[in-house]
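Below: the structure, in structure tokens.
Only the coordinates and a few stated rules stand behind these numbers; no lab work does. These numbers were taken from a predicted model, which means no experiment stands behind them. Heads up, the Cβs are rebuilt from the backbone with ideal geometry, glycines too, and the neighbour counts pull from every protein chain shown.
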Amino acid sequence: MHIAYDYFDKSTLSLNDEGSYADADARLEHKLHHEWTHNLDGIISSILDTGMRIQSFREYPFGMFQRFGWMVKNENGWWQSPDGKMKVPMLFSMQCSKLY
């Protein structure tokens, strides 16, 4: 894995890609798209700032799509690092409730 962007940089990423995360083989007419990173601190702080309470938080070593070319699909249909390779968080879940 190669880290290409600053984790804490909040500027807009303007990228030109041939395909889409939804369909890597799709050929797009308009290749320019914009993305924004959301670090974990920003996500959690935003939730807490609304007055919500975090009841659970989990990280998972797999994701919903093949974010990187080296990822393999597991028996449950999730994309992950190949067996024997270092695993990193690819997805998280959070359960919250509103405090009254």
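For this structure, a couple of remarks:
- Within region 3-18: backbone nitrogen closer than 12 Å to the His34 label point (7 Å, Cα to C-beta): 11-15
- With Cα atoms, 0 to 90° folded angle of helix 40-49 axis to the chain main axis: 30 degrees
- Three-way shape label, the chain, alpha-carbon gyration tensor, a/c 1.5: oblate
- Candidate lysines for bridging to Lys85, where Cα separation is under 27 Å - those fewer than 8 sequence places away on the same chain excluded: Lys73
- Loop-resident sites, region 15-60, for trypsin sites (Lys or Arg not before Pro), counting at most 10 other Cβ within 10 Å (DSSP): Arg27
- What the Cβ-Cβ distance of Tyr60 and Ser97 gives, at R0 = 22 Å and to the nearest 0.05, is a FRET efficiency of 0.55.
- Within the same chain, aspartates and glutamates fewer than 8 places from Lys98 are excluded, and of the rest, those with a Cα less than 13 Å from its Cα are Asp49.
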